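What follows is a short report on a single structure.
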Amino acid sequence: MQTTPRLESFSPLVGSFAATLILGSMPGQASLAAGEYYAHPQNAFWKIMASLFAFSVSLPYTERCQRLLTEGIAVWDVMRYCRREGSLDTAIVEDSIVANDFVTFFASYPGISRVFFNGGKAEQAFTRYVRPQLGQHALNLTFRRLPSTSPANARMPFAEKERLWHELLPGV
């Protein structure tokens, strides 16, 4: 009998002018409880986004999301469902992963040309569960892994994460 909780990710945060997609693996417990992407107070995601796109990290969640949409940034997770105890990617039960429908997503948002992975697990899961389904469409996309903004990635200082995340900016 399966005792590990089955988790479900959020709908994508995406606007009609999206050009860049940021992919996580699966929201952590704090995010799932809050119903918000990157809700853990120690996650560097919103602090980095605020720095890159010149807004206050203290804005309400809906306003921070709107700022990303205005910048052509979409946010989603590779996994639609998985089983995991706690919040760590290392605790995800591999054979429980069900990926989101990226074929339909990319068809619905053809302006997306760049995909950035928020950490290694997102990249690994996308490569294994999604990329084979994309076929020729994958040729039109640029993929890049960035350091995880998770507090679990404590070995990399914030300033270094922020520097590397500058690749999100157009023309960088």
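The values are calculated or read from the model by the stated rules, or taken from the named source; none is laboratory data. Everything numeric here is computed off the predicted structure, so don't read it as measured data. In this analysis, Cβ positions are derived from the backbone assuming ideal geometry, glycine residues included, and neighbour counts consider all displayed protein chains. The area values use the complete protein model at the heavy-atom level, side chains included, leaving out ligands, DNA and RNA. Shrake-Rupley method; radii C 1.70, N 1.55, O 1.52, S 1.80 Å.
A few comments on the model shown:
- Here GLU36 qualifies as within 23 Å of ASP101 (Cα to Cα) and modelled with pLDDT of 95 or more.
- Total residues in region 107-135, condition in contact with a helix residue (DSSP H, G or I) (Cβ under 7 Å, 6 or more places away or on another chain), surrounded by fewer than 19 Cβ atoms within 10 Å (Cβ to Cβ) and in a helix (DSSP H, G or I): 3
- Pairs where the first residue, in region 39-57, is within 16 Å of HIS166 (Cβ to Cβ) and the second is among the β-branched types (Val, Ile, Thr) and outside any loop (DSSP other than H, G, I, E, B), C-beta under 7 Å, 6+ apart: none
- Of residues in region 1-15 being part of a loop (DSSP other than H, G, I, E, B) and touching a helix residue (DSSP H, G or I) at 6+ places or on another chain (Cβ under 7 Å), the one most open to solvent (accessible area, probe 1.4 Å): PRO12
- Selection within region 16-60 - surrounded by fewer than 18 Cβ atoms within 10 Å (Cβ to Cβ) and part of a loop (DSSP other than H, G, I, E, B): SER16, PHE17, ALA19, GLY35, PRO41, GLN42, ALA54, SER56, VAL57, SER58, LEU59, PRO60
- The number of residues in region 136-159 that are exposed (fewer than 11 other Cβ atoms within 10 Å of the Cβ), free of Cβ contacts under 8 Å to residues at least 24 places away in the same chain and outside any loop (DSSP other than H, G, I, E, B) comes to 3.
- As for region 92-99, it holds at least one residue that is at pLDDT below 95, assigned to a loop (DSSP other than H, G, I, E, B) and aliphatic (A, V, I, L, M).
- Subset of region 134-155 [over 17 Å from GLY111 (Cβ atoms) and either modelled with pLDDT under 90 or in contact with a Phe, Trp or Tyr (Cβ under 7 Å, 6 or more places away or on another chain) (or both)]: GLY135, GLN136, ARG144, ARG145, LEU146, THR149, SER150, PRO151, ALA152, ASN153, ALA154, ARG155
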